[in-house]
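Written out below as structure tokens is the structure these notes cover.
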Amino acid sequence: MSLTPAERRALLMVALVFAISAFIQWVRPHKVTTKQFDYTLQDSLFRALSADTLQKTTSVPQAQTAPKRNVKSTKKKKEVLKPKSIDINTANASTLIKLPRIGPKTAQAIIDYRTEHGPFKSIEELDEVKGIGPKTIERLRPFIIITMPDSTGK
């Protein structure tokens with residue numbers, strides 16, 4: 001393998017730079033020095049300001065706060081339903097709303113479905129009503145009865 005004079009000089013320069021850097025590392029090992037920062041001042045300021053902020057929010061004069069209302073008395077109490085007490089084929093919207101998870105919109109959807117498709121033949125048919133799924137049907141099951149309207153009266 002023969003090298004040209006320019007290649008020899010380049011190789012010699014690379015070797016020389018490598019040797020000098022190795023010598024410097026050997027004589028003076030590389031030390032990692034990091035400045036240690038003392039956070040005690042910032043921590044104490046944080047604690048002081050946090051305590052101040054907390055105290056300001058809790059020390060509102062009583063006259064400025066809204067009067068407390070008895071939450072239990074203002075909420076509508078749902079009537080406790082008896083098992084098998086609501087006939088889904090004859091109930092009106094106000095009766096259907098008494099069922100768990102049935103609000104005004106869902107009650108109206110049940111009535112609309114019943115008007116359009118006729119009386120419900122099974123509780124599972126409620127799954128066809130928008131807003132009612134299998135979980136709701138399972139919650140409704142204990143309270144619903146299905147009676148078929150008398151077809152001889154027509």
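Just a few scattered comments:
- Of the cross-linked pairs LYS84/LYS130; LYS98/LYS130; LYS105/LYS135; LYS84/LYS135, those separated by over 20 Å at the C-alpha level are LYS84/LYS130.
- The range 86-146: C-alpha gyration tensor shape, a/c 1.5 cut-off, then a/b vs b/c: rounded
- Peptide packing for 102-111, 41-50 was compared via the average number of neighbouring C-beta atoms within 10 Å per residue; ordered from the highest value, the list is 102-111, 41-50.
Laboratory data are not the source of any read-out in this text; all were calculated from the coordinates shown. Here the structure is a predicted model, which means the values were calculated and not measured. Glycine gets a Cβ as well: all are built from the backbone with ideal geometry, and neighbour counts include every protein chain shown.
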